[in-house]
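Enquirer: Okay, here's the structure, questions in a sec.
The values are calculated or read from the model by the stated rules, or taken from the named source; none is laboratory data. Predicted model only: the values in this text are computed from it and were never measured. Using ideal geometry, Cβ is built from the backbone for each residue, glycine included, and neighbour counts are taken over all protein chains shown.
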Amino acid sequence: MRQPQWFQFLGSLGLEFWLPLPLLGLGFWAMSGWVADRDLSRPSQNVRELEISQPARSSSDQILTIKVTIDRKHKASLVEVKQATNIFQKRKFELSTTELNQIEAKISKKLDLSAEQVRQLVRYQISD
C-alpha cells in the first residue's frame, strides 16, 4: 500500500518522531497534575507523628540582648531589650540612674529576671 504524499514529506523531515512529543508532554503534565492533586487533597494519616512538643521557655530564654546606654550628662540610662517570642520584639525604657548596680536591679525587677541573668545579657555603652 502506498503512503500519501504528505506522509512521505513528514517522514523526510523527521516529523513522525517530533509531532507526538507535545502530545506526550501534555499527557505527562496532566497525569502529574492529577496525581499531585490526589495526593495533596488526601487527609494525612501521620499528623500525630509530625507534632513536635517544645519545652516551655522561660522569659530569660526569650531575651536575646539588653543594651544600656548611660548618658552621664542627663543622669539617665536608656535600656533596649531584644526578645524572641512568637515575633521579634524590641522594648525600650528609660531609667533615672547611672549607677550600674541600680541599673541591673531595676532591669531585673522590670523584666522579672535574676541579677545574674541580667549580668549575662547586658551590654553597656557610655556617652558623655
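Enquirer: For Asp61, state whether it is in a helix (DSSP H, G or I) and modelled with pLDDT under 85. Spell out how you get there, then give the answer.
Expert: Numbers: in a helix (DSSP H, G or I): yes; modelled with pLDDT under 85: yes.
Spelling it out, Asp61 is indeed in a helix (DSSP H, G or I) and modelled with pLDDT under 85.
Enquirer: Given the conditions (1) among the charged types (D, E, K, R); (2) part of a strand (DSSP E or B); (3) without any contact (Cβ under 8 Å) to a residue 24 or more places away in the chain, report the number of the one that Arg119 does not fulfil.
Expert: Every listed condition holds for Arg119 apart from (2).
Enquirer: Return the total of residues in the stretch 84-98 being more than 15 Å from the chain's Cα centre (by Cα) and either within 14 Å of Leu121 (Cα to Cα) or outside any loop (DSSP other than H, G, I, E, B) (or both).
Expert: From the stretch 84-98, those more than 15 Å from the chain's Cα centre (by Cα) are 90-98; that's our starting set.
So of that shortlist, the ones also either within 14 Å of Leu121 (Cα to Cα) or outside any loop (DSSP other than H, G, I, E, B) (or both) come out as 90-95.
Residues flagged as more than 15 Å from the chain's Cα centre (by Cα) and either within 14 Å of Leu121 (Cα to Cα) or outside any loop (DSSP other than H, G, I, E, B) (or both) within the stretch 84-98 amount to 6.
Enquirer: Give just the number: which of (1) touching a strand residue (DSSP E or B) at 6+ places or on another chain (Cβ under 6 Å); (2) loosely packed, with under 13 Cβ neighbours inside 10 Å does Gln120 not satisfy?
Expert: For Gln120, the exception is condition (1).
Enquirer: Hey, another quick one. Considering only residues that are out of contact with any helix residue (DSSP H, G or I) (no Cβ under 9 Å at 6 or more places or on another chain) and of a type outside the set (S, T, N, Q), look in the stretch 8-22 and name the one that is modelled with the lowest pLDDT.
Expert: Top of the filtered list is Gly11.
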